[in-house]
Amino acid sequence: MTYASPSSINASNGFIEILNYTNLVTNSWISNMLLIAIYIIILIGFYKAKDDFQGALAIAGYGTFVIALFFWIGGFVNGWAFAISVALAVMGTLVLLMDNN
């Protein structure tokens, strides 16, 4: 499959054009990797700040869900990636509800 040259995109339209081109070239892997990175950064950051792993799972799941929702509305992620982010949010909620503390 032939892709357009990177110099052919109009970067004056903003970062969204660059993200669209990168997402097209990588077959949506860049957006999936961004979601994974966001999940891990939030998870580790919250865990190190509060020393609460159950809360970190819930917050990371919710944060990733919100960002994945915006990506899904914008057309950057497919349904599978969005479904996985919903599953992570549900898993974080279940872990938080089953916490005995």
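Of note:
- Any hit, the stretch 1-17, residues being touching a Ser or Thr at 6+ places or on another chain (Cβ under 8 Å), at pLDDT 80 or above and either acidic (Asp, Glu) or closer than 15 Å to residue 67 by Cα (or both): no
- Which listed residue, of 67, 59, is touching a residue at least 12 places away in the same chain (Cβ under 8 Å) and farther than 23 Å from residue 15 by Cα: 59
- If the condition is being surrounded by 12 or more Cβ atoms within 10 Å (Cβ to Cβ) and among the aromatic types (Phe, Trp, Tyr), then the stretch 1-28 contributes only 21.
- Contact map, the stretch 22-33: first residue within 19 Å of residue 10 (Cα to Cα), second residue surrounded by 12 or more Cβ atoms within 10 Å (Cβ to Cβ) and of a type in the set (Gly, Ala, Ser), Cβ cut-off under 7 Å, separation 6 or more or different chains; pairs are 23/31.
- Taking the stretch 35-54 as the range and being crowded, with 18+ Cβ neighbours inside 10 Å and either under 15 Å from residue 99 (Cβ atoms) or small (Gly, Ala, Ser) (or both) as the test, only 46 passes.
Results for (1) more than 17 Å from the chain's Cα centre (by Cα); (2) modelled with pLDDT under 95, shown as yes or no for each residue.
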{"position": "20", "(1), (2)": "no, yes"}
{"position": "25", "(1), (2)": "yes, yes"}
{"position": "28", "(1), (2)": "no, yes"}
{"position": "38", "(1), (2)": "no, no"}
{"position": "41", "(1), (2)": "no, no"}
{"position": "46", "(1), (2)": "no, no"}
{"position": "55", "(1), (2)": "yes, yes"}
{"position": "67", "(1), (2)": "no, no"}
{"position": "87", "(1), (2)": "no, no"}
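- Close pairs (6 angstrom Cβ cut-off, 6 or more residues apart or separate chains): free of Cβ contacts under 8 Å to residues at least 60 places away in the same chain and polar (S, T, N, Q) in the stretch 45-56, surrounded by 15 or more Cβ atoms within 10 Å (Cβ to Cβ) and assigned to a helix (DSSP H, G or I) anywhere: 54/95; 54/96
The values are calculated or read from the model by the stated rules, or taken from the named source; none is laboratory data. Bear in mind the structure is a predicted one, so any value in this text is a computation, not a measurement. Neighbour counts run over all protein chains shown; Cβ positions are idealised from the backbone, glycine included.
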